[in-house]
1. Which residue pairs have Cβ atoms closer than 6 Å, lie 6 or more positions apart in sequence or on different chains, and pair a first residue in segment 50-70 that is touching a residue at least 12 places away in the same chain (Cβ under 8 Å) with a second residue that is among the aromatic types (Phe, Trp, Tyr)?
2. Mind checking which residues of segment 85-103 are modelled with pLDDT of 95 or more, of a type in the set (Ser, Thr, Tyr) and either over 17 Å from Met27 (Cα atoms) or in contact with a helix residue (DSSP H, G or I) (Cβ under 9 Å, 6 or more places away or on another chain) (or both)?
3. Criterion first (in contact (Cβ under 8 Å) with a residue 40 or more places away in the chain and surrounded by fewer than 16 Cβ atoms within 10 Å (Cβ to Cβ)) does Leu81 satisfy it?
Amino acid sequence: MSAEMDSNEDAMNRVVQIDAELTHVWMVRTFLKHCDEAEEDEDMHEIVRDLYDFILAVGPVDDSTDPTAYLKMAKKKLRRLSGATQLYEQIQPEVSGHTNFLMAARSLRLAVDKINQLVASH
């Protein structure tokens, strides 16, 4: 097996792992988008938009996914994803101390840290 094929296989493996982590990001986004606490909070709207922007930018993974292009786009959009995560962690105690909001912050942080790790190894 050639080094290029190994590299492409490794890149696709990382893409699949990022896509799996995005299921968590999607669920946090959906929770925040539909919670009553977010209705009038501009920061929460920004967080929801930035999470969606990352998910939309990389797109769903399928047989036609180019792992190099996917990882390049993920790297480009990672700053917004990380920023949204930091902002949510910062405002979460003010928004609500309910366990659902705390666990959403923890889930988002775990997923984004893993995505950062996978993109960084590119």
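The values are calculated or read from the model by the stated rules, or taken from the named source; none is laboratory data. Since this is a predicted model, take the numbers as computed values, not measurements. Glycine also receives a Cβ, built like all others from the backbone with ideal geometry; neighbour counts cover every protein chain displayed.
1. Close Cβ pairs (under 6 Å, with a partner that is among the aromatic types (Phe, Trp, Tyr)) amount to Val58/Tyr70.
2. Residues satisfying the conditions are Thr85, Tyr88.
3. no
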